[in-house]
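Reading through the structure tokens given below for one structure.
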Amino acid sequence: MAKDDLRGRRILTVVTNYGVEQDELLVPVEHLRENGAEVDVAAVSGEPVQTLVGDKDPGKKVNPTLTLEDADPAGYDLLLIPGGTLNADNLRMKDKAVETVRAFTSSGRPVAAICHGPWTLVEAEVVRGKTLTSYPSLHTDISNAGGSWVDRSVVSDDTGGWTLVTSRTPKDLDDFLREVEKALVTSP
């Protein structure tokens, strides 16, 4: 994708302040910004976000651009949910994160989630009838929530009136970003 192809597009990324997988946050945010998109990182608090590498080693700290409570989902074209086991497990317990997912899906706007990120989608009860992928340990949770889990580097599913892009791990970021870009370009 050429620089500035995503100009005018706004992405909301939702995270907790501890435990997000470093590359699942930083690589998409930097890539999308380099291609002209405006990307906000909404964290539970305004404190720096401590990323982790491999769910255990401290990674880079990231300053959020706003808090989850201050984020207005209506102003964004796509919702991005990075993984990291601790991040995703805590994020799905935040009412505002679950409400944000529902705001995007009910309005037909795309959602992209990687690794453990789909846990928030399960909590929001929006995976029924969707085909998606994730870190393998979420297979049962996704199936129990009515989704169809597959083991692929990326899955883009537009059934139900909204596009869901999912990937398994940081190794799948190239495929994930390609599909996220497609979803952004084709979304209203």
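Since every read-out is calculated from the coordinates, none of them should be taken as a lab result. From a predicted model like this one, the values you see are computed outputs, not experimental measurements. When we count neighbours, we look across all protein chains shown, and the Cβ atoms used for this are built from the backbone with ideal geometry, even at glycine.
A straight line joining the Cα centroids of the stretch 1-44 and the stretch 132-188 runs 17 Å. Summing Lys, Arg as +1 and Asp, Glu as -1, what charge do residues with Cβ under 11 Å from the Cβ of H116 carry, H116 excluded? Charge balance near H116 sits at -3.
The GNM of the chain, with springs linking C-alpha atoms under 10 angstrom apart, assigns the highest mean-square fluctuation among P118, P110, P28 to P28. Of the residues V44, V27, the one with the fewest other Cβ atoms within 10 Å heads the list, and the complete ranking is V27, V44.
If you count Lys pairs in the chain whose Cα atoms are under 27 Å apart, skipping same-chain pairs closer than 8 places in sequence, the total is 19. Only Cα pairs under 8 Å and 6+ residues apart enter the sum, and on that basis the relative contact order of the chain stands at 19 percent. Among beta bridges identified by DSSP and lying wholly in the chain, the antiparallel ones come to about 25 percent. Taking all Cα pairs closer than 8 Å and separated by 6 or more residues, the relative contact order of the stretch 1-90 comes to 40 percent.
Counting other Cβ atoms within 10 Å as a rough exposure proxy, the listed residues S137, S167 run S137, S167 from fewest neighbours to most. Projecting the alpha carbon convex hull of the chain along each direction and taking the average yields 8.9 nm².
Taking the number of Cβ atoms within 10 Å of each Cβ as an exposure proxy, the fewest-first ranking of R178, R168 is R178, R168.
For the stretch 1-101, the spread of Cα coordinates along the three principal axes comes to 35, 28, 19 Å, biggest extent given first.
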